[in-house]
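Single-structure report; data block below.
Bear in mind that the values in this text are calculations on the coordinates, not laboratory data. What you see is a predicted model; the values in this text were computed from it and never measured. Reconstructed Cβ throughout: ideal geometry from the backbone, glycine too, with neighbour counts over all protein chains shown.
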Amino acid sequence: MPTLSAAETSLLHAFLNRVIPPDDDPGAVEAGVMGHVESRFAADPSTVEVYRAGLILLESRSFQDLPAPAQDEVIGELESHGAIATMISHAIEGYYTGPKSVGAAMVGFRVTA
């Protein structure tokens with residue numbers, strides 16, 4: 001299974017935690033969204049390349065070096081790009097679905113499968 005480099009993973013963590021930031025509840029990374037992302041990579045190895053395309057876009061904007069409000073602006077500007085849209089969708093799916101979903105429990109869903 002293809003994987004991301006340490007630098008790519010670090011950038012992805014920063015991105016995921018802006019899509020679903022930590023507050024009184026865990027953010028995306030702490031909630032285990034990377035497990036969902038990795039399951040997507042295992043199911044379809046070409047997904048890694050989609051993520052790499054999105055990460056290249058984020059890196060071109062120096063995403064990790066920006067303050068949170070500017071990161072949010074970058075995400076807003078790029079959210080219609082296919083790779084970024086996929087990454088956002090997977091973040092939301094991973095947070096609100098799955099057997100260990102933190103997000104589902106927060107909104108009152110009980111996972112039965």
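Observations
- Failed item, numbered, when residue 47 is tested on (1) out of contact with any helix residue (DSSP H, G or I) (no Cβ under 6 Å at 6 or more places or on another chain); (2) polar (S, T, N, Q); (3) closer than 14 Å to residue 91 by Cα: (1)
- Of all the residues in the stretch 1-31, those that are surrounded by 17 or more Cβ atoms within 10 Å (Cβ to Cβ), in contact (Cβ under 8 Å) with a residue 60 or more places away in the chain and not in a helix (DSSP H, G or I) number 4.
- Which numbered condition residue 37 misses (of (1) crowded, with 19+ Cβ neighbours inside 10 Å; (2) without any contact (Cβ under 8 Å) to a residue 12 or more places away in the chain; (3) not aromatic (Phe, Trp, Tyr)): (2)
- When the stretch 63-87 is filtered for residues that are touching a helix residue (DSSP H, G or I) at 6+ places or on another chain (Cβ under 9 Å) and assigned to a loop (DSSP other than H, G, I, E, B), the ones remaining, listed by number, are 66, 79, 81.
- Search result, residues across the stretch 44-81 that are under 22 Å from residue 6 (Cβ atoms) and among the polar types (S, T, N, Q): 46, 47, 60, 62, 64, 71
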